[in-house]
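The values are calculated or read from the model by the stated rules, or taken from the named source; none is laboratory data. Computed from a predicted model, the values in this text were never measured in an experiment. As a convention, Cβ positions derive from the backbone with ideal geometry for all residues, glycine included, and neighbour counts pool all protein chains shown. We work out accessible area using only protein heavy atoms, side chains counted, and drop any ligands, DNA or RNA first. Shrake-Rupley method; radii C 1.70, N 1.55, O 1.52, S 1.80 Å.
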Amino acid sequence: MKEIILCLLTLMRAGHGFLLQNPSIRSFSPFDTAINGYLDGLSQSQPEEDSNDEEVEQQQPPQYKNIPSGVVPSGRGPLGSYLDNMQAGINDVDASSSDDEKELLDSSSSDHENISLPEKPAKWSGAYLQEFLTSDDDSRTDIRNLLTQSSIQSFMRLLEECRDPHSAKWINEEFLETGNLLDFHGTGARFIEDFGGNWDAPLLAMIAEPKSRIIVSAKRRGRGHGGWSKNNPYLKERWVEIPIDIDPPNLASRIIAVREQIATEWVKDLDVLEYANDQILESFFKITKERRGATGCDGSIQGQQRTFERIAATLLDENSRFAEVLSSPFRRSNFDLMYNLSIQASVHRILRKQRSGGDEHTPSFIFLREFYTERAQDMFDGVQPFGRADDFMDELLQTSPSVTEQGLVDPVGVAEEIIKMRKEVARDWKALMMRVPEDHTGIRQSLFSNQIRSTSSYQADLSEDNSTFQ
């Protein structure tokens with residue numbers, strides 16, 4: 001027994017010495033193999049990284065411009081995935097980027113220039129400013145259109161979080177043909193207008209889209225990737241192509257579920273909107289009185305001082321903090337858009353009501369029409385910062401009374417009319433949000449019909465194949 005043990009020790013020592021005397025043969029521990037995958041990229045005949053041998057020609061990754069249509073590069077660096085573009089907007093390198101990423105971008109700047117980055121989506125055209133007074137169908141301020149827009153944006157965000165940026169890319173670029181919709185914080189995305197201004201038109205069109213497949217090209221191995229050394233010339237880059245199926249009817253059904261969740265949230269958020277709206281005039285008169293008593297003047301507002309307290313966002317945070325169900329991804333952003341759209345819808349209703357009643361020549365009508373149309377592009381259209389609705393009311397309350405040819409203009413009185421109409425708008429919207437599941441009945445019927453047609457087509461193809469085989 002002792003002789004056998006001594007023989008084994010002798011063989012182990014001999015083997016160890018052989019490895020030490022032959023540096024060209026590299027040994028790897030199971031840990032290194034599991035973590036770094038060296039056995040997949042290195043052969044036992046490869047020399048060390050600091051070898052003076054000539055650099056071996058490397059296998060170049062596929063260039064973005066040469067990738068066939070439908071191939072979506074995945075990974076980081078010059079061939080950034082759509083998920084990276086979604087999160088960062090563009091593939092810029094900042095101070096927080098690693099040295100590997102900076103070197104990869106610098107070394108392939110020519111390839112990086114060929115990558116088409118998503119642009120900002122187009123906003124609603126300004127034609128509605130000439131039509132809303134004479135048209136009863138005000139699709140620009142229809143809360144259901146905003147609900148569809150918000151549901152698609154939230155669903156794209158959920159796809160991103162679930163590591164499915166390719167379906168989001170298809171929705172964003174292939175179906176809607178718009179820019180990066182996740183960067184759009186506004187109440188009127190252009191794709192709603194392109195679909196005729198109907199809230200259900202994009203969903204019905206998506207259901208009618210056929211199934212498709214895209215090919216994702218992802219880097220599997222290579223220098224500077226997956227923890228591998230970036231200076232080793234013997235590490236060959238390997239790429240793998242992964243097919244991704246796009247099922248538009250399935251995407252539409254999931255968007256419907258998101259749309260119903262957001263509608264449920266808005267039923268509660270509209271109560272917050274109504275309460276915050278009721279506090280505007282009370283806060284305005286309170287602040288004006290305090291300033292008048294402190295300064296001994298007329299209490300007029302100077303500079304950029306606010307005329308009332310903005311409590312809507314705080315009330316929303318407190319209201320959603322103790323909710324039993326998790327909020328949608330963009331609940332606060334959606335509330336801000338709804339809060340902004342409610343002001344615009346209130347102004348449209350007031351102007352249409354006054355015009356239909358023959359009051360289009362009154363001082364308040366002329367003043368509100370000019371005040372609104374001059375600021376519509378800056379405060380309601382396109383990408384907007386948070387709080388633009390309060391900015392509009394703030395600027396209106398800071399406007400001094402004036403006397404025109406038609407008579408006296410009282411901006412505070414106009415603001416009071418908007419606040420009253422806004423309360424009515426909020427109640428009407430709340431009733432619409434409560435009926436959203438019923439509104440989805442027609443869309444669900446279209447989904448069911450599409451599934452029946454798909455099943456019938458599949459069975460027909462299967463029967464034809466069986467008859468051919470027989």
- line: Expected output for region 348-366 (first residue more than 23 Å from LYS423 (Cα to Cα), partner surrounded by 20 or more Cβ atoms within 10 Å (Cβ to Cβ), Cβ below 6 Å, 6+ apart or cross-chain) is PRO363/VAL409
task: Write out, first by first residue and then by second, each pair whose Cβ atoms fall under 7 Å of each other, whose residues are 6+ apart or on separate chains, and whose first residue, in region 189-203, is in contact (Cβ under 8 Å) with a residue 40 or more places away in the chain while the second is aromatic (Phe, Trp, Tyr) and in a helix (DSSP H, G or I).
output: PRO202/PHE191
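Against the definition (within 23 Å of the chain's Cα centre (by Cα) and under 30 Å from GLY413 (Cβ atoms)), how does ASP245 come out, yes or no?
Numbers: within 23 Å of the chain's Cα centre (by Cα): yes; under 30 Å from GLY413 (Cβ atoms): no.
For ASP245, the condition - within 23 Å of the chain's Cα centre (by Cα) and under 30 Å from GLY413 (Cβ atoms) - is not met.
Take the residues of region 311-323 that are outside any helix (DSSP H, G or I) and of a type outside the set (Val, Ile, Thr): which is least open to solvent (accessible area, probe 1.4 Å)? First the steps, then the outcome.
To start, the set of residues in region 311-323 that are outside any helix (DSSP H, G or I) comprises 311, 322-323.
Checking the rest, the ones that are also of a type outside the set (Val, Ile, Thr) come to 322-323.
Numbers: PHE322: 168, ALA323: 41 Å².
Filtering first and then ranking leaves ALA323.
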- request: Mind telling me which of the residues SER449, SER467, SER463, SER456 ends up being part of a helix (DSSP H, G or I), open to solvent by less than 60 Å² (accessible area, probe 1.4 Å) and modelled with pLDDT under 95?
  value: SER449
- line: Flagged in region 394-423 as without any contact (Cβ under 8 Å) to a residue 40 or more places away in the chain and either closer than 30 Å to ILE255 by Cα or among the charged types (D, E, K, R) (or both), in numbering order, are GLU395, GLU405, LYS420
query: If you take the residues in region 304-332 that are within 18 Å of PHE392 (Cβ to Cβ) and of a type in the set (Gly, Ala, Ser), which one is modelled with the lowest pLDDT?
result: ALA313
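Yes or no: PHE308 open to solvent by less than 70 Å² (accessible area, probe 1.4 Å) and not in a loop (DSSP other than H, G, I, E, B)? I'd like the intermediate steps shown before the answer.
Working: open to solvent by less than 70 Å² (accessible area, probe 1.4 Å): yes; not in a loop (DSSP other than H, G, I, E, B): no.
Spelling it out, it is not the case that PHE308 is open to solvent by less than 70 Å² (accessible area, probe 1.4 Å) and not in a loop (DSSP other than H, G, I, E, B).
Can you tell which of GLU241, GLU237 is of a type in the set (Asp, Glu), surrounded by fewer than 15 Cβ atoms within 10 Å (Cβ to Cβ) and more than 30 Å from LYS423 (Cα to Cα)? Walk me through it before giving the result.
Details: GLU237 fails: surrounded by fewer than 15 Cβ atoms within 10 Å (Cβ to Cβ).
Among GLU241, GLU237, only GLU241 is of a type in the set (Asp, Glu), surrounded by fewer than 15 Cβ atoms within 10 Å (Cβ to Cβ) and more than 30 Å from LYS423 (Cα to Cα).
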